[in-house]
Amino acid sequence: MTFVNKDFLKALKSFEIPTCLRVCAGTDGSVTFLLEIMTRKDVSVVTEAQHLIQADEDTASLLDIAVGSDVNYRLVTLFAGDQPFVRALSLSPIDRMPEDIRQDLMRADIPIGKILRNSGIETRRDFDNIEITVEEPLFESSKALSRSYHIVHDNKTLMWINEKFPVDDRWNL
């Protein structure tokens with residue numbers, strides 16, 4: 001069961017964006033899988049950064065963990081063919097990770113949806129917020145759609161994710 005923040009859904013419906021982008025931004029499943037279906041291309045994950053950080057007060061509050069806990073910081077870009085479609089930042093409390101998920105996550109270039117599917121654990125995505133930003137260009141697009149959500153397992157945050165999608169005609173598939 002997916003928690004649907006009514007403001008999230010209302011905002012998503014109000015955006016003037018291509019339908020394929022609306023579907024990816026609104027899914028409570030794997031964006032990677034949807035991109036492969038929509039583009040008919042293999043989707044690759046390119047890791048921009050991955051390292052352990054110590055949770056500060058904001059991160060600890062976001063993940064509901066103790067300040068100073070180990071958190072996996074992972075920034076990736078999803079490419080369909082040679083075109084970038086999504087930049088995703090994930091924060092994952094290490095102590096809360098099942099061992100098989102931790103190992104796959106540390107291998108870097110495996111999509112999170114695939115990691116979760118391979119593990120066989122049940123999760124849900126609780127949406128936080130969604131907005132269109134114009135402050136920082138993304139993949140040569142002047143606008144970006146940004147959404148964030150928690151992946152929850154056993155009523156605890158397994159991961160917090162922020163995904164950014166360029167708002168342009170690459171989504172007219």
- prompt: So how far apart, in nm, are the two label points at Gln54 and Glu140 if each is 7 Å from Cα heading toward Cβ?
  reply: 4.3 nm
- request: State to the nearest 20 debye the size of the charge dipole of the chain about its Cα centre, where the only charges are +1 on K and R beta carbons and -1 on D and E beta carbons.
  value: 600 debye
query: How high is the FRET efficiency between Thr19 and Arg124 when r is their beta carbon distance and R₀ equals 41 Å, given to the nearest 0.05?
result: 0.95
- prompt: Taking the Cα centre of segment 1-88 as the origin and placing charges on Cβ (Lys, Arg +1; Asp, Glu -1), which of Asn72, Cys24, Ile53 is farthest toward the positive end of the dipole?
  reply: Cys24
field: Rough spin-label spacing in nm, given labels placed 7 Å along Cα→Cβ, for Arg40 and Ile94
entry: 4.5 nm
query: Quick one: length gained pulling Asn155 to Asp169 fully straight, 0.36 nm per residue minus the C-alpha distance?
result: 1.2 nm
statement: For segment 6-171 the mean separation of alpha carbon contacts under 8 Å (6+ apart) over residue count, i.e. relative contact order in percent, is 22 percent
- request: Compare the peptides 94-106, 50-62 by average per-residue count of other Cβ atoms within 10 angstrom and give them in order, highest first.
  value: 94-106, 50-62
log10 of Debye I(q)/I(0), alpha-carbon scatterers only, for segment 6-171 at 0.15 Å⁻¹: -0.83
- prompt: Local charge sum around Asn129 (other residues, Cβ-Cβ under 14 Å, Lys/Arg +1, Asp/Glu -1)?
  reply: 0
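No value in this document is a laboratory result; all are computed from the given coordinates. A quick note: this is a predicted structure, and the numbers were derived from the prediction, not measured. Every residue, glycine as well, gets a Cβ built from its backbone with ideal geometry; the counts of neighbours run over all protein chains shown.
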